[in-house]
Amino acid sequence: MKVTVKNLDNADVGQMDWPFADKPRRDILTRMVNYQRAKARSGNHKTKQIGDISGTSAKPWAQKGTGRARQGSLRSPQFRKGAVIFGPVVRDHAHDLPKKVRKLALRMALASKQIDGKLIILDAAKIETHKTKNLIKKFAKLGLTSALIIDGANLDVNFAKAARNIPHIDVLPEQGANVYDILRRDILVLTTNAVEQLQERLK
């Protein structure tokens, strides 16, 4: 399949082969997004268990004869400033997902953008100045308001600096390409260099 290659002025400069023709599956993409978001969770939420509460470990009163309910500790949850039962603890929320499934999900995410007509291929993502206003003008020509731009392994410094102040525009090197970021933005923009490197990575 051939796709059109454009420049930053939205002019056609050629064509290239599109290597990702996988049929998207919602279940695979969902599993991958859940995997990414779970892995990104900090997992540092915590409540105090009974062993974390400061205070005596002595039995507050006799088991029998007081007329009161039996108690074993003033640190129990029924008392003020007591423990929390079955509360969250610091842990890692990440779970496993086979490498083949992760690679397949990325191929499907790339293919879905092409199928939906939400893909733009650029010859290069390079500009002469780091001024944001100049890049905004070029994005207006391309119709970009919400986009993920993926370049090769080495990003152009001026392009990255100019783009980082623009809302809803993300710029990543090829090795940072991932399903969640591809799906969360409306348009996917790839350079020819990025396509070649992704093809080599996902073959």
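Just so it is clear, none of the values below were taken in a lab; they were calculated from the coordinates. Remember, predicted model here, so these are calculated numbers, not experimental data. Note that we place each Cβ from the backbone using ideal geometry, even for glycine, and neighbour counts take in every protein chain shown.
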10 Å binning of all Cα-Cα separations within the chain, expressed as whole percents from 0 upward = 8, 26, 22, 13, 9, 9, 8, 4, 1, 0
Per-pair calculated FRET efficiency, R0 = 41 Å: Leu97 and Ala11 via Cβ, rounded to 0.05 | 0.50
Give me the percent of DSSP beta bridges within the chain that run antiparallel, rounded to the nearest 5.
-> 25
Please work out the Kirkwood hydrodynamic radius for the range 43-92, using every pair of different C-alpha atoms, and report it in angstroms with one decimal place.
-> 12.3
If we sort 57-65, 147-155 on the protection proxy, mean other Cβ atoms within 10 Å, highest first, what's the order?
-> 147-155, 57-65
Comparing His168, His95, His130, which has the greatest mean-square fluctuation in the GNM of the chain with Cα pairs linked when under 10 Å apart?
-> His95
Across Thr192, Thr56, Thr145, the residue with the highest GNM fluctuation in the chain (Cα network, 10 Å cutoff) is Thr56
Placing each pseudo-label 7 Å from Cα in the direction of the beta carbon, Arg184 and Asn44 end up separated by a distance in nanometres of 1.9
Answer rounded, prolate or oblate for the range 125-168, using the Cα gyration tensor with square roots of eigenvalues a ≥ b ≥ c: rounded when a/c is under 1.5, else prolate when a/b is larger than b/c, else oblate.
-> oblate
Just add up the charged neighbours of Lys48: K/R +1, D/E -1, any other residue whose Cβ is under 14 Å from the Cβ of Lys48.
-> +3
Once fully extended, how much extra length lies between Lys126 and Lys138, figured as 0.36 nm per residue of separation less the alpha-carbon to alpha-carbon distance?
-> 3.2 nm
